[in-house]
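All remarks here apply to the structure that follows.
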Amino acid sequence: MGLSFTVLASGSTGNATIVRNGERTVLVDAGHSAKKLEELMRERGVAGHHLDALFVTHEHSDHIKGLGAFARKYELPVYANAATWEAMERHVGKLDPDKCIRMETGECIDFGTMQVQSYAISHDAAEPVGYTFTDQGVKLSLATDLGYVSDKVKRQIIDSDVLVLESNHDTEMLRMGRYPWNIKRRILSDIGHLSNVAAGEALCELMTDRTKRVYLAHLSLDHNQMDLAKLTVRSVLENNGIFYKQEDFPLRETYHDRPTEWDEVHKKSS
């Protein structure tokens with residue numbers, strides 16, 4: 001047994017990811033309307049009634065836009081830490097109190113053989129987190145909306161079989177872009193978003209022999225392009241002595257408007 005996942009959508013317009021094993025299926029974030037989430041899920045053969053739980057990274061709209069309506073419709077238990085519940089309560093509407101589950105940052109929850117652990121990240125939200133999923137020796141880590149990758153974060157997500165990592169912007173495109181300076185300063189700060197270069201620098205320390213694939217995620221529509229992100233990340237790795245053949249290079253794409261293909265993550269045979 002292992003894990004499989006699809007990034008339903010990734011970016012400032014909305015974020016959602018499905019992770020499952022042979023027993024359980026969970027949704028991480030609900031950053032589109034309930035109707036749009038259903039459409040994205042349908043493209044990958046999943047329906048709301050297949051889900052066992054919904055996990056929240058933080059309260060920004062692009063992560064919780066459809067949470068209330070979706071959770072009510074499918075009677076889903078929702079997991080978030082206390083500060084995130086307080087920050088998003090007025091945005092998600094009334095939910096069944098028995099299904100509003102407080103999950104402390106750093107806590108690990110068992111879903112059958114699948115373990116879900118949250119970890120603290122640096123972002124301008126109440127108490128933002130990322131998540132790692134493990135199942136019988138397989139590890140998947142979701143790490144977006146990071147101002148920077150701290151040593152604590154690195155310890156949590158290193159040695160992942162698959163890593164979904166933010167590569168939000170090209171710094172020069174952002175500096176020359178149309179955003180007002182206060183927003184640019186926020187994005188560039190330690191509580192903002194990772195640049196392409198920062199993503200590459202983080203990967204120099206995060207990628208190990210165990211790493212099979214890295215998905216670049218949460219790209220800005222205004223200040224990035226996927227080809228540029230992949231080229232920059234690859235260049236940073238090569239400048240640090242990490243080389244791959246083109247056909248073997250494990251960088252993968254995510255999309256703001258459509259889901260990735262299902263990715264099956266299995267333990268390497270010894």
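The values are calculated or read from the model by the stated rules, or taken from the named source; none is laboratory data. These numbers were taken from a predicted model, which means no experiment stands behind them. Here the Cβ positions follow ideal geometry from the backbone for every residue, glycine too, while neighbour counts run over all protein chains shown.
Note on region 99-118: residues that are surrounded by fewer than 20 Cβ atoms within 10 Å (Cβ to Cβ) and touching a residue at least 12 places away in the same chain (Cβ under 8 Å) amount to 13. Quick one: which residue in GLU23, GLU89 is acidic (Asp, Glu), surrounded by fewer than 16 Cβ atoms within 10 Å (Cβ to Cβ) and touching a strand residue (DSSP E or B) at 6+ places or on another chain (Cβ under 8 Å)? Answer to the check: GLU23. Cβ-Cβ distances below 6 Å connect the following pairs, each with a first residue in region 18-46 that is touching a residue at least 60 places away in the same chain (Cβ under 8 Å), a second residue that is buried (at least 22 other Cβ atoms within 10 Å of the Cβ) and part of a loop (DSSP other than H, G, I, E, B), and a separation of six or more residues or different chains: LEU40/PRO259; GLU43/PRO259; ARG44/PRO259.
Going by what's in this entry, would ASP124 be described as crowded, with 24+ Cβ neighbours inside 10 Å and out of contact with any helix residue (DSSP H, G or I) (no Cβ under 6 Å at 6 or more places or on another chain)? It is false that ASP124 is crowded, with 24+ Cβ neighbours inside 10 Å and out of contact with any helix residue (DSSP H, G or I) (no Cβ under 6 Å at 6 or more places or on another chain). Quick check on LEU140: is it within 18 Å of ALA53 (Cα to Cα), of a type outside the set (Gly, Ala, Ser), under 15 Å from the mean Cα position of the chain (by Cα) and at pLDDT 95 or above? For LEU140, the condition - within 18 Å of ALA53 (Cα to Cα), of a type outside the set (Gly, Ala, Ser), under 15 Å from the mean Cα position of the chain (by Cα) and at pLDDT 95 or above - is met.
Looking across region 188-206, the residues that are within 17 Å of the chain's Cα centre (by Cα) and not polar (S, T, N, Q) come down to ILE191, GLY192, HIS193, LEU194, ALA198, ALA199, GLY200, ALA202, LEU203, LEU206. Tell me, yes or no, whether region 34-51 has at least one residue that is more than 15 Å from ARG258 (Cα to Cα) and surrounded by 23 or more Cβ atoms within 10 Å (Cβ to Cβ). No, the conditions are met nowhere in region 34-51.
Helices (runs of 4 or more DSSP H) fully within region 1-97 that include at least 2 residues being modelled with pLDDT under 95: 82-92. Report yes if some residue within region 144-152 is part of a helix (DSSP H, G or I), modelled with pLDDT of 95 or more and not small (Gly, Ala, Ser); otherwise report no. The answer is yes; a qualifying residue exists.
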